[in-house]
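Participant: Before I ask anything, here is the structure I am working with.
Derivation of every value follows stated rules applied to the coordinates shown; laboratory data play no part. The shown structure was predicted, so the numbers you read here are calculated from the model rather than taken from an experiment. Cβ sites come from the backbone with ideal geometry, for glycine too, and all protein chains shown count toward neighbours.
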Amino acid sequence: MEKPSTVDIYIGLMEDITEKTYTQWESNYKLNVDRISKDISESKFYASLRDKLVMINGEYKKNHRNIDLINFDKTIKIDKKNFNNLIEKCYRWDVLENEKWNDNTEEWQKTYEWCFPPYCYEKIPDLVRTRITVRYIDGVDIVINSVKEIAMLCGLEIKDDYFSEDSGYYAVHLDVKYPVTIITLDWDTKQILMNFEIQITTQIKEVVNEMLHEYYEYFRLNPIKDENWRWDWQYINFIPSYLGHISHYVEGMILQAREKIKVELYGNR
């Protein structure tokens, strides 16, 4: 079995391995993520998270002269990963980032656990996800600690990942291990622990990420190979990457300026 050079070739390979069609995978995937999204949105954890964010925002307003911390218009709305985006992520997992293809033999393929549906539910962390957008960067850790507290009270395992990538992408992802029931391609049921991803970002970072989303997606499938790209001001990666880094720096400066003004105008009040 040769290493697939494109997503389409990879899809054909997975059809042979699973003995199912692309259409069957897609229908099964949509059925499962719809059921899982509904289950999470009606859970005690989700309700507690929503209530806690309202409380956090109220406390922040008291301490920072009536300034809201959380943008509720864009916060904790359940989102489901698009199936085409899932396939691209599986391709990155199984092919682009899979060093086993460098082996001289194909023995590893007999026991390798492929990521492609229906095996993706325990591997891909953001099939079902939500986002919490805070106004200032100091709110990130406040929200992280609160979400962890709620998860522990609900008996759920949780871990955090802080992202600060060369591409200029900054965010914190909280992965909550959530018990769900999935329907297999053979219409059986299976109990698993699936990651429910909570992305925490800031208002400025959200604007930058929305603007550069297609760029981030492109470079995930086409990794940068030239390590000296940072010196090439004309390179396609140069401006979007440093725009992400600059915005992160500016957020820190905004907070420092806010605290300095607060002290100079109001003292310790």
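Participant: So for Thr189, Thr133, fewest C-beta neighbours within 10 Å to most, what's the order?
Facilitator: Values: Thr189 8, Thr133 21.
The order, fewest Cβ neighbours first, is Thr189, Thr133.
Participant: What number, rounded to the nearest 500 deg cm²/dmol, is the helix-based mean residue ellipticity at 222 nm of the chain, given -39500 (n - 2.57) per DSSP H run of at least four residues and division by all its residues? All intermediate terms of the calculation are to be shown ahead of the outcome.
Facilitator: Values: 7 runs with 124 residues, N = 269.
Mean residue ellipticity, 222 nm, calculated: -15500 deg cm²/dmol.
Participant: Alpha carbon centre of region 1-44 versus region 73-128: separation in Å?
Facilitator: Cα centroid of region 1-44 versus Cα centroid of region 73-128: 9 Å apart.
Participant: May I ask for the angle, rounded to the nearest 10°, between helix 22-41 and the longest principal axis of the chain, with both axes built from Cα atoms and the value confined to 0 to 90°?
Facilitator: Computed tilt is about 30 degrees.
Participant: At a Förster distance of 25 Å, what's the computed FRET efficiency of Val250 paired with Asn66, Cβ-Cβ distance as r, to 0.05?
Facilitator: Plugging the Cβ-Cβ distance into 1/(1 + (r/R0)^6) gives 0.60.
Participant: Still on this structure, I have one more. Which residues among region 81-96 fall inside the zone where the amide N is under 20 Å from a point 7 Å beyond the Cα of Tyr112, along Cα→Cβ?
Facilitator: 86-96
Participant: Ok, one more. How large is the charge dipole for the chain, taken about the Cα centre, if only the Cβ atoms of Lys, Arg (+1) and Asp, Glu (-1) carry charge, to the nearest 20 debye? Display every interim value, and only then the final one.
Facilitator: Values: 35 positive and 46 negative charges, 317 e Å.
The calculated dipole for the chain is roughly 1520 debye.
Participant: Nearest 10 degrees, 0 to 90: what angle lies between the long axis of helix 238-266 and the longest principal axis of the chain (Cα atoms)?
Facilitator: The angle comes out near 30 degrees.
Participant: May I ask you to work out the translational diffusion coefficient for the chain at 37 °C, viscosity 0.692 mPa s, via Stokes-Einstein with Rh from the Kirkwood sum over Cα pairs, reported in whole µm²/s?
Facilitator: 156
Participant: Mind checking which of Asn85, Asn209, Asn63 has the largest fluctuation in a GNM of the chain, springs on alpha carbons under 10 Å?
Facilitator: Asn63
Participant: Hey, which of these cross-link pairs are over 32 Å Cα-Cα: Lys77/Lys100; Lys44/Lys74; Lys20/Lys44? The partial results should precede the final answer.
Facilitator: Working: Lys77/Lys100 38 Å; Lys44/Lys74 21 Å; Lys20/Lys44 36 Å.
Going by Cα-Cα distance, Lys77/Lys100; Lys20/Lys44 fall outside the 32 Å limit.
Participant: Hey, what angle do you get for helix 203-221 against the long axis of the chain, alpha-carbon based, 0 to 90 degrees rounded to 10?
Facilitator: Tilt of helix 203-221: around 20 degrees.
Participant: Among Leu13, Asn28, Phe45, which residue has its Cα furthest toward the positive end of the charge dipole of region 1-62, with +1 on Lys/Arg Cβ and -1 on Asp/Glu Cβ?
Facilitator: The Cα lying farthest towards the positive end belongs to Phe45.
Participant: A further question on this structure: How charged is the neighbourhood of Gln256? Take every other residue with its Cβ under 14 Å from the Cβ of Gln256, and add Lys/Arg as +1 and Asp/Glu as -1. Spell out each step's value before the answer.
Facilitator: Working: positive: Arg258, Lys260, Lys262; negative: Asp138, Glu251, Glu259, Glu264.
Here the charged neighbours net out to -1.
Participant: Between Ile78 and Lys177, what's the calculated FRET efficiency when r is the beta-carbon distance and R0 is 25 Å? Round to 0.05. Walk me through the numbers on the way to the answer.
Facilitator: Values: r = 17 Å, r/R0 = 0.68.
Working from the Cβ atoms, E equals 0.90.
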